[in-house]
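**Q** One structure, pasted below without further comment.
Every number here is computed from the coordinates shown, using simple stated rules; none is lab data. Everything numeric here is computed off the predicted structure, so don't read it as measured data. Glycine also receives a Cβ, built like all others from the backbone with ideal geometry; neighbour counts cover every protein chain displayed.
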Amino acid sequence: EEWRERGAVTGTQQVTDSNGQTHTRVIKKGVKDFNFGRTLGEGSYSTVLAATDRQNLKEYAIKVLDKRHIIKEKKVKYVNIERDTLNRLTEHPGIVRLYYTFQDERSLYFVLDLASGGELLGVLKKMGSFDVECTRFYGAEILDSVAYMHSRGVIHRDLKPENVLLDREMHVKITDFGTAKILPDPQRKGAGSEAMTGDPMDGAEMDRAVSFVGTAEYVSPELLRDKNACKASDLWAFGCIIYQLLAGRPPFKAANEYLTFQKILALDYSFPEGFPEVARDLVERLLVLDPANRLPVEHIRNHQFFEGIQWTRGLWRQKAPRLK
Ligand code: ADE
């Protein structure tokens, strides 16, 4: 197997060999450049560890992926999708940034932004539910991040409160692009070949949609019906998240995956008593079975629920509201 690497070059060095020839040697970051700390998370074939750059003491989260396991489980393609999408999404504060990749005999290493506030899910579970102000703030940061990834030709396809991390200042950092879909990038020329690797209709992806693994609650009806996800599928998940932040539980939840899927396909959900009216209107315009009829990003931004939000600049500079 061949593993491509990018971004790990930290400098060059001029070396002169015995023939008097001068060469440029590339210096790369590697395992030895970091002190590894506590475990932040564990996946089926990866572990995320806190780590410190020994040179400048900057803290990161390093995702360590087991090469043998990835090959055995035929996940090479998804590891490459994760790296390719993260390399495309480097200019937004709401997305976990990939700084370096490197490898040793056994593992691949992704050096990422450390999100020390943990998962939005954990914070929500601790609080029970959020008030309108907190939901508006976290909803706005998630939406702004989703709008950016869509503008860069990336569909996340697995948005959920576990994949929304929080940094030290409690601002959003979206993670886990292993199941993302890469579209031809409208902002970049010659992005066609990269897009080929993310085509939803090739074999492996079809299998994955059928033998769906993970959290069923945020899956869009079009993925269940046609095994096809589009940008609007992320907005379905966004609607589920807004509902969950206010209600304390996702809209579609049943005893098992199959029953959850049935509820989604039948749009079988209801609002708890006291659910804010303006938020209800927004959720009802997002949890729409036909993706073509879902509220697009620009309309969501202008919805009354987000009144007062300073989109893009102010949002990320403002102090996160106190959770209550
Ligand atoms: N868990 C998974 N990824 C993480 C990250 N980047 N920061 C903190 N915890 C994580």
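**Q** For region 281-324, list residues with backbone N below 13 Å from a point placed 7 Å from the Cα of Glu59 toward its Cβ?
**A** Once the point is set 7 Å along Cα→Cβ of Glu59, nothing inside region 281-324 turns out to lie under 13 Å by backbone N.
**Q** For the chain, set up a GNM with springs between Cα atoms under 10 Å and report which of Glu59, Glu273, Glu119 has the largest fluctuation.
**A** Maximum fluctuation in the GNM of the chain, among the listed residues, is at Glu273.
**Q** On to the next question. Of Lys160/Lys231; Lys67/Lys160; Lys32/Lys67; Lys29/Lys63, which ones are farther than 23 Å apart at the Cα?
**A** Lys67/Lys160
**Q** Cα centroids of region 269-302 and region 92-171: how far apart, whole angstrom?
**A** Cα centres, region 269-302 to region 92-171: 22 Å.
**Q** Still on this structure, please answer the following. Taking the Cα centre of the chain as origin and charging only Cβ (+1 Lys, Arg; -1 Asp, Glu), how large is the dipole, in debye to the nearest 20?
**A** It comes to approximately 720 debye.
**Q** Please give me, ordered by residue number, the trypsin sites (Lys or Arg not before Pro) of region 104-146 that lie in loop per DSSP and have at most 16 other Cβ atoms within 10 Å.
**A** Loop-located and lightly packed - Arg106.
**Q** Once you've got the GNM for the chain with C-alpha springs shorter than 10 Å, pick whichever of Thr39, Thr179, Thr260 has the biggest mean-square fluctuation.
**A** Top of the fluctuation ranking is Thr39.
**Q** If you don't mind, another one. Going by average Cβ density within 10 Å per residue, which order do the peptides 244-256, 153-165 take, highest to lowest?
**A** My ranking of the peptides, most packed first, is 153-165, 244-256.
**Q** Using Cα positions and a limit of under 18 Å, work out the lysines in reach of Lys72, with same-chain residues fewer than 8 apart set aside.
**A** Partners found: none.
**Q** Under a point-charge model restricted to the Cβ atoms of Lys and Arg (+1) and Asp and Glu (-1), what is the dipole moment magnitude of region 222-324 relative to its Cα centre, in debye to the nearest 20?
**A** 560
**Q** Identify all lysines with a Cα-Cα distance to Lys319 below 16 Å; exclude those on the same chain that are fewer than 8 residues away in sequence.
**A** Within the straight-line cut-off, Lys319 pairs with Lys173.
**Q** Taking the chain as a Gaussian network, Cα atoms linked when under 10 Å apart, which of Asp234, Asp226, Asp84 shows the biggest mean-square fluctuation?
**A** Asp226
**Q** Please express the Cα-Cα pair-distance distribution P(r) of the chain as a list of whole percents, one per 20 Å bin, running from 0 to the bin with the greatest distance.
**A** Cα pair-distance distribution for the chain, in percent: 30, 57, 12, 2, 0.
**Q** Given the DSSP H assignment, sum -39500 (n - 2.57) over each helix run of at least 4 residues in the chain and divide by its residue total; what's the result at 222 nm in deg cm²/dmol, nearest 500?
**A** After summing the helix terms and dividing by residue count, I get -10000 deg cm²/dmol.
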